[in-house]
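The values are calculated or read from the model by the stated rules, or taken from the named source; none is laboratory data. Everything numeric here is computed off the predicted structure, so don't read it as measured data. Cβ: placed from backbone, ideal geometry, glycine included. Neighbour counts: every protein chain shown. Keep in mind that these areas ignore ligands, DNA and RNA; they rest on the heavy atoms of the full protein, side chains included. Shrake-Rupley method; radii C 1.70, N 1.55, O 1.52, S 1.80 Å.
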Amino acid sequence: MIEENRTYAEVLLPLPLPGTFCYSIPDELKDEIEPGKRVEVQFGKNRIYSALVKGIHNEKPAGILPKEILSVLDERPIVNLRQFTFWDWMSHYYLCHPGEIMNAALPSALKLTSESKIVLNPFYDGDPGELSDREFLVFEALEIRKLISMEDVSDILGLKKIMPLVKSMVEKKVIEVYEDLEERYLPKKETFIRLSDNYDIEENLHSLFDQLERRSENQLKLLMTYLHLSRSLKQQKIKQTLLLREAGLTHAVLSALIKKGVFLSSVEVVSRLGEVTEERSADSIILSPFQEIALTRISHLFVEKEVVLLHGVTSSGKTEIYIKLIQETLLKGKQVLFLLPEIALTTQIINRLRKFFGSRTGVYHSRYNDQEKVEIWKKVLISGESGIHDPTYSVILGARSAVFLPFSNLGLIIVDEEHDSSYKQHEPAPRYQARDAAIVLGRMHGAKVILGSATPSLETYFNAENGKYGLVTLNERYGGIQLPEVQVVDMKSEAYKKRLHSHFSQTLIEHIDEALVNKEQVILFQNRRGFSLRLVCETCQWSPECRNCDVTLTYHKHQHELRCHYCGYTARVVTQCPACGGVSIKMSGFGTEKIEEELPVFFPQAKVARMDLDSTRTKSSYHRILAEFESGSVDILVGTQMVTKGLDFDNVSLVGILNADNLLSYPDFRSYERSYQLMAQVSGRSGRKNKQGKVIIQTWSPNHRIIELVVRNDFVNMYREQLQERNTFRYPPYYRILQISVKHKDQKILTDAAIQLASGLREHLGKRVIGPEYPLVSRINLFYIKQIMIKIERDAALARVKALILQLVRELEKRKEFRQVRVIMDVDPY
């Protein structure tokens, strides 16, 4: 009888396994468990996981005896039902497991397992004596061992149910889930200065003035500066950096006053976003007539369309239109999601948004540490329930992972630079396209979606032209600023005339020199990082290769090592060829690091900075490089495509594209489209405010059609010509692409498995199946790869094709010889 009244929960685990798992709910937990809460469960013999409750029912599963849930970890749900619906769609559309989506969506601290490791929070400044006995035991163990696993915690306490205790210590900021310290985004700290309480008494303050006037002019000046700032800012605590800068004095003067007990100093964690000043109304933004027309047109289109494309040239003022739309949405009590392709862009945009929306604006992306992610997650959850008057985040700015936040009341989604390839997640699963996922998320919430770009993707523009999306065009730069003058430099001609200096044409050198003389800034774009693309033996043409991948190693001068950009393998630099014994080893090709090193030879007085993946490993490095360039302390910024993405700098008068052929020759059906987008976008960084900018494109193919279109800023003709080719060769937007990658360490097993899978697909889909073929890089991290491409008509039943793929993959995995074969499915792999 007891068994008949049992209640069961279907839970999600953060594992690459299909479906949910059924667990029995103990009577004492019945009132606590509800969908969206985390529970502690045993999975397998010894492993403990925090799982998400997805559903509750009374049907006992046939043939198995479900294990009991051990404990409930949350007082309230951390995931809402709309999120589960969104995850289900993503799982079906992108052919991945729900657990993989859960793993991608939740911050690490919300998905603890028995394999998780914990460390002391370096910023914990509480009293350990206030911890419970069990918490103190864990604290003490971490002081000795620094890093311990959840299993260690279980052994130390002699308990099986340890997750509630660990969760409590995480929330108290005593401990944190261990993550790669090199990638951590540490809280920003500032030193604050305040006047000692002793000098609140006017007599004491006057006495201090008299004393300092007789003994130290600088100390008196510092005190006067503090009092002035304290009155003007209406606060007792003043930032040390601000105080010393305003006084024009050194830290030694301040230290002397601290020793005398005049000032007290304290170190505090401050927001990375800066202090929130008084909010301005978006009504204070004065739109140009063209912006007004665009905003009105968007509002009218939103009556009938869920999605509108805002196609505006660079510097046309799209952000001002976004701010107006955000204000309208917040006044309705709704939430806003603002997606950006690159973390670097958040710094500039967030400062602009916070001028208007203050503390209601939050940031979420992968470089934030786990504590911050959890904090933002919870604030978004509260914001959706509390409404507009709650001081929590109702405007979220983030990279692609922000689509997973627990929105419950979305009214507007903005996808800026919607064409950018960074919106596509490639590894690991789910391999989703954040732009497309955002459109589906908007539909689920009844929210409007605005896609913004100066160079839209062909698919988006195709949908807009065909009426699926609304289309609004902004052809005028804000303030009547002219588009930059584009000049193409023929490198063959420069070389013939001996006007080529390393990787710089004489024309580019002259224009850089002119910009520097005029105290203007320069951006140089080279879409390859590293120093030299490869080392080559001049005698036998040998090049050092990665031992794990089928690629040559790239030379990085700063570390003086050869590095694989696929698996991270490194090797020392050789001085003698191991193949022929020759000692004539030359460098071939060039990357951003080499450009950075060579520029001081031509411009010794200029300060040069580099912005690529190697120089921006941490979040603070983005901020530092951009802040230095924005302040004018850097004259020339060298970068990869990071510098092309919507950054606004007032003093940039020249942009140089060092090797346009690099982009155009890449073997991909999108190479011309992406080349146009990158060159047009980086060109848009030039010529802001009051002056027309210049763009120098260095190329060995000056008559290339795409370069001609970039010079004319002719997006529409690029679109028409590329569309014709896509139709002829069966590519998007006329066809959908599914790519299947088959991987194995044994080449023969791989080939047999790939051929069997392709044959099964070809039986049902015929000529729509292409391959299997080796990709451009045929081995990565010891795994050989073969790819199968499936091209499906736009109006075909895609769900049936996916079902067929899943069936054939399951059949392949059942065969003993193919059990170790990895099959990766990628829907819309571009």
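For the stretch 298-345, the square roots of the Cα gyration tensor eigenvalues, ordered a ≥ b ≥ c, give a/c of at least 1.5 with a/b no greater than b/c, which places it in the oblate category.
Here, P(r) means the percent of Cα pairs in each 5 Å bin from 0 to the largest distance; for the stretch 558-618 it is 4, 12, 17, 23, 18, 12, 9, 4, 1. Rolling a 1.4 Å probe over the protein heavy atoms gives the chain an accessible area of 46 Å² per residue. Extending 7 Å from Cα along the Cβ direction at GLU292 and again at PHE139 yields two label points whose distance is 6.3 nm. Inter-part distance, the stretch 452-514 to the stretch 778-796, computed on C-alpha centroids, equals 33 Å.
With a 1.4 Å probe and all protein chains left in place, how much of the accessible area of the chain comes from carbon and sulfur atoms, in whole percent?
49 percent
Highest mean packing first, where packing is the average number of other Cβ atoms within 10 Å per residue, the peptides 817-827, 432-442, 5-15, 24-34 line up as 432-442, 5-15, 817-827, 24-34. Approximating the spin labels as points 7 Å out from Cα along Cα→Cβ, the SER299-to-LYS497 distance works out to 5.4 nm. Pairs spanning more than 31 Å between alpha-carbon atoms, out of LYS498/LYS557; LYS67/LYS334; LYS111/LYS305; LYS67/LYS786; LYS239/LYS373: LYS67/LYS334; LYS111/LYS305; LYS67/LYS786.
Based on every Cα atom in the stretch 88-139, Rg and the maximum pairwise Cα distance Dmax equal 17.5, 52 Å. Annotation: aspartates and glutamates with alpha-carbon distance below 16 angstrom to LYS802 (same-chain offsets under eight excluded): ASP88, GLU763, GLU793, GLU811, ASP826, ASP828. Stretched out straight at 0.36 nm per residue, the stretch from GLU538 to LEU249 would grow longer than its current Cα-Cα span by 98.2 nm.
According to the Kirkwood relation over distinct C-alpha pairs, the hydrodynamic radius of the stretch 195-234 is 10.6 Å. The label-point distance for HIS764 and TRP700, in a model that sets each label 7 Å from Cα toward Cβ, rounds to 4.6 nm.
Given 0.36 nm per residue, what is the gain on full extension from VAL574 to ALA62 after removing their alpha carbon distance, in nm?
That works out to 177.9 nm of additional length.
Taking amide H atoms as placed 1.01 Å from N in the peptide plane, the amide H of ARG534 lies under 5 Å from those of TYR555, SER588, each 5 or more residues away in sequence or on another chain.
On the basis of the beta-carbon distance and an R0 of 60 Å, ARG547 and GLN506 show a calculated FRET efficiency of 0.90.
When peptides 584-596, 654-666 are ranked by their average number of other Cβ atoms within 10 Å per residue, the highest-first order is 654-666, 584-596.
Size of the chain from its Cα atoms: along the principal axes, largest to smallest, the extents are 97, 92, 69 Å. Length gained on full extension, THR728 to TYR566: 55.0 nm, using 0.36 nm per residue less the C-alpha separation.
Give the shape of the stretch 1-134 as rounded, prolate or oblate, defined through the alpha-carbon gyration tensor: a ≥ b ≥ c are the square roots of its eigenvalues, a/c under 1.5 means rounded, and otherwise the shape is prolate if a/b is larger than b/c and oblate if not. It is oblate, given that a/c is not under 1.5 and a/b is not larger than b/c. Of the trypsin sites (Lys or Arg not before Pro) in the stretch 486-529, the ones in a loop by DSSP (not H, G, I, E or B) with at most 14 other beta carbons within 10 Å are LYS497, LYS498, LYS519. Take every Cα pair under 8 Å whose residues are at least 6 apart in sequence, average their separation, divide by the length of the chain, and the relative contact order is 10 percent.
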